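The block underneath contains the structure these notes are about, expressed in structure tokens.
Each value in this text was obtained by applying a stated rule to the coordinates, not by laboratory testing. Worth saying up front: this structure is predicted, and the values here are computed from it rather than measured. Heads up, the Cβs are rebuilt from the backbone with ideal geometry, glycines too, and the neighbour counts pull from every protein chain shown.
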Amino acid sequence: MIKYTKIFLLPLIILFYSCGENPFESQPVDVIERGEIVKILSEYDVSQAELNLLFNEFDLPGGIEINLRNGIKVISAIYRTIDYNGNPADASGLFVIPKTQGIFPLISLHHGTQSKRDNVGSQSAMFSLDALVAGALGYVAISPDMLGLGISNLVHPYHIADVNANTSIDFIRAVKKYASQNNIQLNGQLFLAGYSQGGYTAMAVHKKIQNDLSNEFAITASAPMAGAHDLVGTARFIISNNNYERPSFLAFMIYSYSRVYNLGDLSQFFQHPYQNLIPTLFNGSLTTEEIDGALPNTLSQLFNESFLNSMRDSSEQVMTNLLQQNSLLDWAPQSPVLIVHGNADTYVPYQNAIAAKERWEANGAPNVELVTINGGTHTSSIIPAILTAISWFEGFRIEMGNYIYASR
């Protein structure tokens, strides 16, 4: 549930001197199938020297350096997927191709909470820095915007597992087809990762592929970071106190569920005047920080008293059942999983990491590791978590150009 901070903005200005749009006309609607690119919005190259200049601007913890291996091609695109009801819909995203010879693994990277429609990779690469790094390390990297963001005008299905899994998987399909059509060789490996909401989405994708699409995809490994896998437990943790410093997060989830699942009037969830204000706040024009400024931190002022009390005493059924339906504890990932979480996280409680590891292993998951960032908050853990995941993934890499890696 975190956004990339403004520290990334200044260095990325360097990148945009290299940008050049190269759109082509969309194909007729009736010939575009699910999992295909509809239109390229922009594409441009970034050299290894430019990338080194960019990332040298970062003050990484412990003097860590990112040893980039190659330049990249950055592509923003619209692709065909489905909406909440299974109807054809268009979504957008960014993907990155290594500018070097080799046979590449594919990695799908999922962003944290975004409420402003333009604050995603297809609109600005500053919101997909992890994909730029992965591409420069020799991965074909994808960063889906998700429904309701980028070019999509739908309500974003915030923490709704199957919908977000479908959107991400269709972008994987689209990029694989692009690679095949452009003589870009993939080695068959597929990695999944994300931070905060992205950590949750990564595991929603993992579950969907394992349960329904194992004949189409084989997951090499997943690294969910600071994800809310236990949605019921997370909601109860937040409302156990009457104050929450990021009210936009909980309001976003309740609003999204009410619209995707057609739950009726918002007054059953929100106090006056917020039941009327919420749709405007989440219309895609505001950041979560701006929305936080328009909402009270005191939950009893924001939420309907009856709803809040019933959530607290566990008597509420409708929302609780939907949160349970979208939680990701009751399954057993069969591919290796690395959970990374800071134990001082007050946005997404660290208990999510403990519960996920315990439940997945109890259900039969053979390889789940947990790395705890001691004293790490939701914000301070971002860079250490991503660097930990990158290092862990490298142990699974089997081939990239002249680089050969041992497969675990």
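Values computed for the structure shown
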quantity	calculated
Gaussian network model of the chain, springs between alpha carbon atoms under 10 Å - residue of A89, A165, A125 with greatest fluctuation	A89
Per-residue ³J(HN,Hα) for segment 41-48, Karplus 6.51 cos²θ - 1.76 cosθ + 1.60, θ = phi - 60°, Hz, x for Gly and Pro	7, 6, 8, 7, 9, 10, 6, 4
Vicinal HN-Hα couplings computed from phi for segment 208-224 (Karplus, 6.51 cos²θ - 1.76 cosθ + 1.60; Hz; Gly/Pro x)	4, 5, 4, 7, 10, 10, 5, 7, 9, 10, 10, 7, 7, 6, 10, 10, x
Dipole of the chain [Lys/Arg +1, Asp/Glu -1 at C-beta], most positive-end residue of I169, L302, H111	I169
Pairs of lysines in the chain (C-alpha under 25 Å apart; 8 or more residues apart or interchain)	21
Over the chain: helical MRE at 222 nm, DSSP H runs n ≥ 4 each giving -39500 (n - 2.57), nearest 500	-10500 deg cm²/dmol
Cβ-placed point charges (K, R +1; D, E -1), dipole of segment 231-326 about Cα centre in debye, nearest 20	180
Convex hull of Cα atoms in the chain, direction-averaged projection (nm²)	19.0
In Hz, Karplus ³J(HN,Hα) per residue of segment 253-268 (6.51, -1.76, 1.60; θ = phi - 60°; x = Gly, Pro)	5, 4, 5, 4, 4, 4, 8, 5, 9, 6, 8, x, 5, 5, 5, 6
Highest-fluctuation residue, A353, A134, A235 considered, GNM on the chain with Cα pairs under 10 Å	A235
Mean Cβ neighbour count within 10 Å, used as a protection proxy, ranking 217-224, 290-297 highest first	217-224, 290-297
Virtual spin-label span in nm between E394 and I354, 7 Å along Cα→Cβ	3.2
Rounded to 5, the percent of DSSP beta bridges in the chain classed as antiparallel	55
Modelled FRET efficiency - R0 30 Å, Q301 with E369, Cβ distances, 0.05 increments	0.15
Estimated FRET transfer efficiency when R0 is 22 angstrom, pair S240-T280 (beta carbons, to 0.05)	0.15
Mean separation of Cα contacts under 8 Å, 6 or more apart, over the residue count of the chain: relative contact order %	15
Overall dimensions of segment 293-408 as given by Cα atoms, namely Rg and Dmax in Å	19.1, 63
Point-to-point label distance, L213-I383, nm (Cα→Cβ direction, 7 Å offset)	3.3
Positive minus negative residues near H272 (Lys, Arg vs Asp, Glu; Cβ under 15 Å)	-2
Nitroxide proxy distance, nm - points 7 Å out along Cα→Cβ at V31 and D118	3.4
Simple Cβ-charge dipole of the chain, Lys/Arg +1 and Asp/Glu -1, about Cα centre, in debye nearest 20	380
Sites N182 and Q317 - FRET efficiency at Förster radius 41 Å, r taken between beta-carbons, to 0.05	0.20
